[in-house]
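Scroll down for the structure; my scribbles are underneath it.
All of the numbers you see were taken from the coordinates with simple rules; none came from a lab. What you are looking at is a predicted structure, and each value in this text was computed from that prediction instead of being measured. Glycine also receives a Cβ, built like all others from the backbone with ideal geometry; neighbour counts cover every protein chain displayed.
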Amino acid sequence: MLAGYARVDALVSEDVDLFAMGSHQHLLALNHIVLCGEAAAPDPEYARHRLTTEERFYEEREGGIGDLVEWYARRAHASPWWRAAGVYIRILSAPQLFIEGNHRTGALIISYLLLRAGLPPFVLTPATAAAYFGPSTLIRNTRRNGIGRLFRLPGLTRRFASFLAAHADPVYLLPER
């Protein structure tokens, strides 16, 4: 996760828009980092997993990157807390964006979105773990394109956005350079 947070910091510093066409590979890279670490050269042991994850990421109609980018673009007016919560919910709800590592990658993407908005990143601590994993389990068991989309997801998004805002801690911001 530390390598993931370092990558998030670099992406924000370089003003990379993860949701812009041509930048989606950075989302895949974050997922790879949380699962395999950040090796200088891709490990052939993980090649099949990377390929399978990439195929799902780009080709899944209901839960792939296209769905996530479209959702994000339609909410340009929303608060950073709400957008971060909504993106996390889109990553974690069924079908999930990645084959594995959705919780960890989602937490990094939350941090990325908050940092781009000038807000503190989300950092999972022992004090926030229960409040983070409780809703995450409920989110994971909700289909984003079923009836839950209408009844369950808006409330989960609102509650999760409030959770993120309540646990924002500026101590996790790097000093201005």
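Here are the numbers for the structure shown:
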read-out: Simple Cβ-charge dipole of region 29-170, Lys/Arg +1 and Asp/Glu -1, about Cα centre, in debye nearest 20; value: 740
read-out: Value of [θ]222 nm, deg cm²/dmol, for the chain, DSSP H segments ≥ 4, -39500 (n - 2.57) each, nearest 500; value: -18500 deg cm²/dmol
